[in-house]
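To start, the structure itself, in structure tokens.
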Amino acid sequence: MPARPNSTTDPAGTVAELLLARAEDEGPGLIFEERSWRWREVVAESARCAARATTLRRAGPFHIGVLLENVPEYLFWLGGAALSGATVVGINPTRRGAELARDIRFADCQLVVTDANGSALLDGLDLGLAADRILRVDSPSTGDGPQAGENQSAGDSPPGGDGAVVETVSPSDLLLLLFTSGTTGNPKAVRCTQGRLASIAGRAAAGYGFRGEDICYCPMPLFHGNAIMALWAPALSVGATVALTRRFSASGFLADVRRFGATRFTYVGKALAYVLATAEAADDAENSLREGFGTEASSPDRAAFERRFGCRLVEGYGSSEGGAVLNVTPQTPVGSLGLPVPGDDIVICRPQTKSECPPARFDEAGRLLNADEAIGEIVNRGSARSFEGYYENPEGDAERVHDGWYWTGDLGYRDGDGYFYFAGRGDDWLRVDSENFAAAPIERIVERHPDLAAVAVYAVPDPRSGDEVMAAVELKSGTGFDPVRFAEFLAEQPDLGTKWSPRFVRVMAELPLTATGKITKGSLRRTAWQGDDPVFWIPDRTGSRYVAMTGADRERLREEFDRYGRSGLIPH
């Protein structure tokens, strides 16, 4: 077998160069279900997609929306975009209706690559595209590259041969638009150029010890920065194997690891908790895993996962925007995000005054005593150069970068030794199961309920990781809150995202208002499920039935926070 080029020692300037370095690599590049591709074949399939995209290119932004699960065609089109100078727009399949259509139109997609499931989501939506601009990878008439489960050869010609088009690209060429959310109602599209992703690939591969013989299991969705930046790109840079599963499955996690022989994987949020909730077996640690990398898992979940599966876990703090990074070291306290990268000046600031917040103080049980003064926004005062901006959103850019500082929009606090801790999102941000979204779209949907006069949606802390969705509602005169009818109403809304349903609902006589008549959420978030107003909740996270919350329920919830080391975030 020929030696594999290793771009961690010879950095590439573009993702296209990383791919072309694999054009003659006979090592395993991709595994999916019962199929496998050598890296040479992966690159050849990418070149075929590049040629197809170039043929269909029109004037304007060369943007290709991809609405697929984790199937090989997703990576082939990602590679095709890199080789042809196009931009892949990662479309989130949990979006629905008008919100989904808005994402595609806003990103100026010339083409949308999808399959039967995605096509059903798009049916009847105004995308601003003709029917022939929707490419079905599972349709023989429009598909490009081999269909999942087929055993086709990618051919023996290197990219650029036999008519395949490989464009000249530069590090500044836009490669990715990854949707995230800010404090406005609509998602923002994070820009990531070829050069930034190639740089991330090399640094992540070197920093986290990726090796050519690794098999990198990818259970996280490819429309998310975690899967591309923390797994696919570094694997590509060293010629490691990428193992895909269509979607995350807690019950199928260990079976996938064993079937693929996976040595590393990535995760976000409560993915570990879901895996830990499966039935434990005496031989769980008999697997090939060496390391997992992720964000926002609770400390008890990380410890339990390492103990049960014999796999080292490494946590980091960052975002698709790339403006601030915190790394965990062996000395990092339990529950901390870690310390800044050397050279970065990251602090906790009050947004209104730009003054630095004082260190956090804790009691003997580790509870945060001075949350009001210690919690602020995580800010990088040193440099905002790595942030490449949002697509067509100068207001979003200004929100992130002003006065030369990068404002993450994340809340946190620091202990006396400088270690950072995560404290949630801003009032209008929610992060559930690793997905960011804003409150405004949910409010617009819940406000359709005929009995509601006003609605406020906001984040409250989850006992394990991230946030949960809570809504405060004001009823119209002469109506009452019917929890059964409310649950039925939510289930009937076609554009309610799969993670958007409130777990908690506070019923209030009047929502709190500012002097100008705007709903203010600060007090709602601080009170959360406490207080004198009736609160209805869904005790079973997998259910949909609302019941009145009791004092015993609140105590059990408090015990859950204690168990997972997040008691400092319990609202008081």
*Would you mind checking which residues have amide H under 5 Å from VAL113's amide H? H placed 1.01 Å from N; only 5 or more apart, or other chain.*
GLY65, VAL66, LEU67, LEU135
*Would you mind checking which residues have amide H under 5 Å from THR180's amide H? H placed 1.01 Å from N; only 5 or more apart, or other chain.*
LYS188, ALA189, VAL190
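Between ARG444 and ARG307, what FRET efficiency follows from the Cβ-Cβ distance if R0 is 35 Å, with the result rounded to 0.05?
Numbers: r = 44 Å, r/R0 = 1.27.
Calculated transfer efficiency: 0.20.
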*When the Karplus curve 6.51 cos²θ - 1.76 cosθ + 1.60 is applied with θ = phi - 60°, which whole-Hz ³J(HN,Hα) does each residue of the stretch 86-99 get, with x for Gly and Pro?*
8, 10, 8, 9, x, 8, 7, x, 7, 6, 9, x, 4, 5
*Applying the Karplus parametrisation 6.51 cos²θ - 1.76 cosθ + 1.60 with θ = phi - 60° to the phi angles of the stretch 318-323, what ³J(HN,Hα) value in whole Hz is obtained for each residue in order, glycine and proline being reported as x?*
x, 7, 4, 5, x, x
*Could you state the angle between the C-alpha long axis of helix 551-563 and the longest principal axis of the C-alpha atoms of the chain, as a value from 0 to 90 degrees rounded to the nearest 10?*
40
_Sparsely packed trypsin sites (Lys or Arg not before Pro) within the stretch 390-477, loop by DSSP, other Cβ within 10 Å at most 14_ = ARG448, LYS476
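Tell me the GluC sites (Glu not before Pro) within the stretch 467-531 that lie in a loop according to DSSP and have at most 12 other beta-carbon atoms within 10 Å. Before the final figure, lay out each step's value.
Details: sites: GLU468, GLU474, GLU488, GLU492, GLU510; in loops: GLU492, GLU510.
Loop-located and lightly packed - GLU492, GLU510.
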*For the stretch 243-303, which GluC sites (Glu not before Pro) are in a loop by DSSP, counting at most 15 other Cβ atoms within 10 Å?*
GLU280, GLU286
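What ranking do 255-268, 204-217, 540-553 get when scored by the average of other Cβ atoms within 10 Å per residue, highest first? Spell out each step's value before the answer.
Values: 255-268: 21.1, 204-217: 19.4, 540-553: 11.7.
The densest-packed peptide leads the list: 255-268, 204-217, 540-553.
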*Amide H to amide H, which residues 5 or more places from VAL242 or on other chains are under 5 Å from it, using H placed in the peptide plane?*
LEU30, ILE31, CYS216
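Just so you know, all these numbers are worked out from the coordinates, no wet-lab data involved. Given the structure is predicted, the values throughout are model-derived calculations rather than measurements. Don't worry about glycine lacking a Cβ; one is built from the backbone with ideal geometry, like all the others, and counts go over all protein chains shown.
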